[in-house]
Amino acid sequence: MRGTDQGRFCEEFSAGYYGICTVGGMLSSGTTHLVTTPFDVLKVNMQVNPLKYNRISTGFSTLWKEQGPSSLWRGWSGKFCGYGIQGGCKFGLYEYFKRLYSDVLVDRNKTFIFFLSSASAQVFADVALCPFEAVKVRVQTQPHFAKGLSDGFPKVYRTEGLAGFYKGLFPLWGRNLPFSMIMFSTFEHSVDLIYKKIVQKRKEDCSRVQQLGVTCVAGYAAGAIGTVVSNPADNIVATLYNKKAENVLQAVKKIGFFNLFTRSLPVRITIVGPVVTLQWFFYDSIKVLTGLPTSGGLRRRLEEPNLSA
């Protein structure tokens, strides 16, 4: 890699490396989700009350007129803290599991390892996210429920107990596991495709700016495809948290099969595509600033002597 080890904060796959990946994931995910809070508020309200909030433009104006401009930032603390913690677990553990599985499952193809690594990381990431998501959705769709995390957490615990924080865990896994598996795998394969077919140079021979450009293109492709796959479960999560249904089957019946795939999809693509792109850009920028290579690629322990990065 250009600049090899000069200025490198730590070696790849060391404890420090995974620490940087975790911090990078926290910062990139927390900040990007915070910026898109108004879109998230609208998305959740479109899912819970589709007749009233049926379009992006009219939805924003309705929220603004009825609840004031501050309503568009309702739940920002849950977004920043919850998705920051989730992002740290997701990116940090993905790097760890990808390394682990690539060494253990040497006879498996890359796609299988990408799927397994991202799924393993997402399981833990969603357990960390779930309590924050439970409060956030209620705050965003029930104006008098709570102002944020500080009063939302005690209220959920007082009225529903510990189970109230994890009511949506399985639908959350149902939404985020497919999304994460598709997102990470699409990103990895997109990076490989761009370098081989478009740039036609090895990553190690490209400048840092070129590498980050590849990261952005691959990140947008990953986010857009992952959004379509995860949309049904995202609608179910919002319905359950707002007590519009008691279980997943009731939620599916209430929403309707076709609406599972289409309801709030445009606004989700508007949110998730740029968010995932920015997440990968910030995440890889932090790697670059600490002297580490950008993301993408699978390195097995036995192959290391033959690689330059």
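The values are calculated or read from the model by the stated rules, or taken from the named source; none is laboratory data. Here the structure is a predicted model, which means the values were calculated and not measured. Ideal geometry is used to build each Cβ from the backbone, glycine not excepted, and the neighbour counts take in all protein chains shown. Ligands, DNA and RNA are stripped out before the accessible areas are found, and what is left, the full protein with its side chains, is counted by its heavy atoms. Shrake-Rupley method; radii C 1.70, N 1.55, O 1.52, S 1.80 Å.
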_Count of the range 64-83 residues which are crowded, with 23+ Cβ neighbours inside 10 Å and either out of contact with any Lys or Arg (no Cβ under 7 Å at 6 or more places or on another chain) or among the charged types (D, E, K, R) (or both)_ = 3
*So which residues in the range 171-191 are farther than 14 Å from Ala125 by Cβ and modelled with pLDDT of 90 or more?*
Ile182, Ser185, Thr186, Phe187, Glu188, His189, Ser190, Val191
*Of (1) modelled with pLDDT under 90; (2) part of a helix (DSSP H, G or I); (3) of a type in the set (A, V, I, L, M, F, W, C), Ala221 satisfies all except one. Which?*
(1)
*Considering only the range 214-228, how many residues are open to solvent by 10 Å² or more (accessible area, probe 1.4 Å) and touching a Phe, Trp or Tyr at 6+ places or on another chain (Cβ under 6 Å)?*
1
*asked:* Between a residue in the range 192-212 that is more than 20 Å from Gly291 (Cα to Cα) and any residue that is modelled with pLDDT of 95 or more, which pairs come within a Cβ distance under 6 Å, given they are 6 or more apart or on different chains?
replied: Ile194/Val214
*asked:* List the residue pairs whose Cβ atoms are under 7 Å apart, where the first residue sits in the range 99-128 and is free of Cβ contacts under 8 Å to residues at least 60 places away in the same chain, the second is hydroxyl-bearing (Ser, Thr, Tyr) and buried (at least 18 other Cβ atoms within 10 Å of the Cβ), and the two are 6 or more positions apart or on different chains.
replied: Tyr101/Ser117; Leu116/Tyr101; Ala121/Tyr94; Gln122/Ser180
*Can you tell me which residues in the range 229-251 are over 17 Å from Asn45 (Cα atoms) and either open to solvent by 40 Å² or more (accessible area, probe 1.4 Å) or out of contact with any helix residue (DSSP H, G or I) (no Cβ under 9 Å at 6 or more places or on another chain) (or both)?*
Val229, Glu246, Asn247, Val248, Leu249, Gln250
_Considering only residues that are part of a loop (DSSP other than H, G, I, E, B) and not basic (Lys, Arg), which ones fall in the range 123-161?_
Gln142, Pro143, His144, Phe145, Ala146, Gly148, Gly161
_Residue identified as open to solvent by less than 10 Å² (accessible area, probe 1.4 Å) and not hydrophobic (A, V, I, L, M, F, W, C) among Asp126, Asp107, Asp103_ = Asp126
*Kindly provide the set of residues from the range 17-36 that are within 11 Å of the chain's Cα centre (by Cα) and free of Cβ contacts under 8 Å to residues at least 60 places away in the same chain, ordered by number.*
Gly30
*asked:* Out of Pro131, Pro154, I need the residue that is without any contact (Cβ under 8 Å) to a residue 60 or more places away in the chain and open to solvent by 50 Å² or more (accessible area, probe 1.4 Å). Which one?
replied: Pro154
*Quickly run through the range 224-248 and pick out the residues that are closer than 16 Å to Pro50 by Cβ, in a helix (DSSP H, G or I) and either free of Cβ contacts under 8 Å to residues at least 12 places away in the same chain or of a type in the set (A, V, I, L, M, F, W, C) (or both).*
Ile236, Val237, Ala238, Leu240
*Inside the range 271-297, can you point out the residues that are among the hydrophobic types (A, V, I, L, M, F, W, C) and either in a loop (DSSP other than H, G, I, E, B) or open to solvent by less than 20 Å² (accessible area, probe 1.4 Å) (or both)?*
Ile271, Val275, Val276, Trp280, Leu292
*Restricting attention to the range 253-264, does a residue exist that is open to solvent by less than 40 Å² (accessible area, probe 1.4 Å), on the phi > 0 side of the Ramachandran plot, touching an Asp or Glu at 6+ places or on another chain (Cβ under 8 Å) and not in a helix (DSSP H, G or I)?*
yes
